[in-house]
Amino acid sequence: MVDVKMGDCWSKTKDQFDNLEKHTQWGIEFVERYNKFVKDRTDIEISYAKQLRNLSKKYQPKKNSKEEEEQRYTSCQAFLAVLNEMNDYAGQHEVIAENMSGLIFAELSRYIQELKQERKLHFQEGRRAQQHIESCWKQLEASKRRFERDCKEAERAQLHFEKMDNDLNVTKADVEKARQQAQTRHQMASDSKGEYSSVLQNFNKEQHEHYYTHIPNIFRKIQDLDERRIVKIGESMKTFSEVDRQVIPIIGKCLDGITKAAESVDEKHDTQLVVEAFKSGFEQPGDVEFEDFSQPMKRTVSESSLSNSRSDGKQESKSGKSKGKLWPFIKKNKLSLKLGSGPEDFSHLPPEQRRKKLQQKIDEINKEIQKESDQRDGLTKMKDVYIKNPQMGRPESVDPRLAEIEQTIEKLRQESSKFEAWLAEVEGRLPTRTEQPRRPSEMPELPSAAVNNCAQDRESSPDGSYTEEQNQDPQLKVAAQSEFDDEFDDEEVLAAIGTCKAMYAFEGQNEGTIAMAEGETLSVIEEDKGDGWTRVRRNEDEEGYVPTSYVEVYLDRNTKGAMTYI
């Protein structure tokens, strides 16, 4: 009965360990499954954020295109604000992905490894306890079987002694031998009994500790492990929601920004920009007077009639007036349409559009003149420094560059004067204007005679365009225009050909120059061409000229050999 009860008990304990092992393994797999879910959600957030950023970038206005000009309209500005807010909106989804990856996925991955290791230790401890109690039971069984064997042998020895003692034919020596053997067997049985009793007591003690102490402790540890796993998964789910909740205020601000952008759309402002952009400046024609053909008299027409406009169109063009002309119905200059671009003086445009284009051209030329003048002033100061400190450089080395700048400024002034004269024709006054302030040394006023000559050299056609005089040399005009355009061609990005180290500090206050500190190292992208200036770059985004005498230049060997300018 004892064997059956003990076997059943051990079998039940083993079954409990098997069940707990299966359950805890399922719990770990559940955590891994949830962690995989978080990882997939993180990938979705990253992909969504990337798609939102690409969408915002796709619809951003392109530079140097018509879309950039459209940004004047409030609706386009609002759309640009929406794109920027969507970019910020995408950033919040990146924050969600980052927080989920760091606070949940990485944390659970680490926790799963700890959980597996702890679970392994608990079940190893349980198996050791089970093996120990089984070993104690086997020891008890062996002691019991030995005691039983010794008792049986002692009983047989006792019976043999009694038989020998009762047999008259057996010698006294044999009887004594049988008696001693019986005593020895009894002593062995007594010793086995004591050993069995001791082993039994020890087993009962071990069994009590096993079932009331060791196994319950192991089960409690496993239970605690499983409870902590459940708590951890709950906390992770709570963090899952908090990660989203933290970015809701910022997402709300993005949506508020979109709403604010939508509310900033001003239809009146946009339509007014359209009116200003396409306003022609033509005077509207007068009423057509009634021509009475029933009377045998000379038919008269109004001064503002269509026929009068046709007959007097040339005269009115010369006088600078356009009263009574049906401008919207006049054909455009066929040469301009054929070439695909208007003439230099924009005479193919309506008066108001022409005035804007001419004014824009004059402003661009003035900016170039200002830029060249600043460079000239910088070179002049540098020359003064060379004169006062000959050891820093030769003053005459600056002269070629100064002469080149003077020639460029003179060309720009001639161009400005030409466009000023054309603008005066449009506005019906001399080119001495107060709207665009100029420096007297750079923008001398054009004499009245020059304006009149320029105006007389060009004749207005009935359609509002201008044609060049036959005696004007077209090749000279094309050459002058090409030379002018070449001056303002955009320069390509130059690669570094070496480095330089500043021996002295340079403020670089003039446009085109770059400031540098003493001892600073810069990249050289264009060496000194004899004008005393070296073109350098800092951090790939800031470049300009510095005095060659202020730096030590080290050119790469693969360009022009190792050279040093000091």
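Quick notes on this structure:
- With respect to the conditions (1) modelled with pLDDT of 95 or more; (2) open to solvent by less than 50 Å² (accessible area, probe 1.4 Å); (3) of a type in the set (Val, Ile, Thr), Thr74 falls short on a single one, namely (1).
- Residue among Lys163, Lys238 that alone is in a helix (DSSP H, G or I) and modelled with pLDDT of 90 or more: Lys238
- Residues that are over 43 Å from the mean Cα position of the chain (by Cα) and open to solvent by 50 Å² or more (accessible area, probe 1.4 Å), drawn from region 371-389: Thr380, Lys381, Lys383, Asp384, Ile387, Lys388, Asn389
- Hey, Ala173 more than 60 Å from the chain's Cα centre (by Cα), within 30 Å of Thr213 (Cα to Cα), surrounded by fewer than 18 Cβ atoms within 10 Å (Cβ to Cβ) and without any contact (Cβ under 8 Å) to a residue 12 or more places away in the chain or not: no
- Consider region 238-254 and keep the residues that are in contact (Cβ under 8 Å) with a residue 12 or more places away in the chain and open to solvent by less than 90 Å² (accessible area, probe 1.4 Å). The one that is farthest from Ala106 (Cα to Cα) is Cys254.
- Condition check for Lys116: under 30 Å from Ser190 (Cβ atoms) and not hydroxyl-bearing (Ser, Thr, Tyr): no
- Under the condition of being closer than 11 Å to Leu273 by Cβ and without any contact (Cβ under 8 Å) to a residue 40 or more places away in the chain, the residues counted in region 72-93 number 1.
- Which numbered condition Ser65 misses (of (1) modelled with pLDDT of 90 or more; (2) among the small types (Gly, Ala, Ser); (3) surrounded by fewer than 17 Cβ atoms within 10 Å (Cβ to Cβ)): (1)
- Condition check for Ser236: touching a Leu at 6+ places or on another chain (Cβ under 9 Å) and among the small types (Gly, Ala, Ser): yes
- Among the residues of region 130-138, none qualifies, meaning not one is within 60 Å of the chain's Cα centre (by Cα) and either assigned to a loop (DSSP other than H, G, I, E, B) or polar (S, T, N, Q) (or both).
- Remark: Ile230 falls outside the filter, which requires a residue to be open to solvent by less than 40 Å² (accessible area, probe 1.4 Å) and not aromatic (Phe, Trp, Tyr).
- Filter result for the condition that a residue is touching a Cys at 6+ places or on another chain (Cβ under 8 Å) and at pLDDT below 95, over Met86, Met1: Met86
- Filtered residues of region 29-45 (kept if open to solvent by less than 90 Å² (accessible area, probe 1.4 Å) and within 24 Å of Asn84 (Cβ to Cβ)): Glu45
- Matching residues in region 110-137 - criterion: being more than 19 Å from Asn217 (Cβ to Cβ) and open to solvent by 20 Å² or more (accessible area, probe 1.4 Å): Arg110, Tyr111, Gln113, Glu114, Lys116, Ser135, Trp137
- Test for Val265: is it free of Cβ contacts under 8 Å to residues at least 40 places away in the same chain, of a type in the set (A, V, I, L, M, F, W, C) and surrounded by 11 or more Cβ atoms within 10 Å (Cβ to Cβ): no
- Once region 190-219 is narrowed to residues that are aliphatic (A, V, I, L, M) and under 20 Å from Lys138 (Cα atoms), the residue that is most open to solvent (accessible area, probe 1.4 Å) is Leu200.
The values are calculated or read from the model by the stated rules, or taken from the named source; none is laboratory data. These numbers come from a predicted model, not from an experiment. Every residue, glycine as well, gets a Cβ built from its backbone with ideal geometry; the counts of neighbours run over all protein chains shown. To get the accessible areas, we keep the full protein, side chains included, count just its heavy atoms, and leave off ligands, DNA and RNA. Shrake-Rupley method; radii C 1.70, N 1.55, O 1.52, S 1.80 Å.
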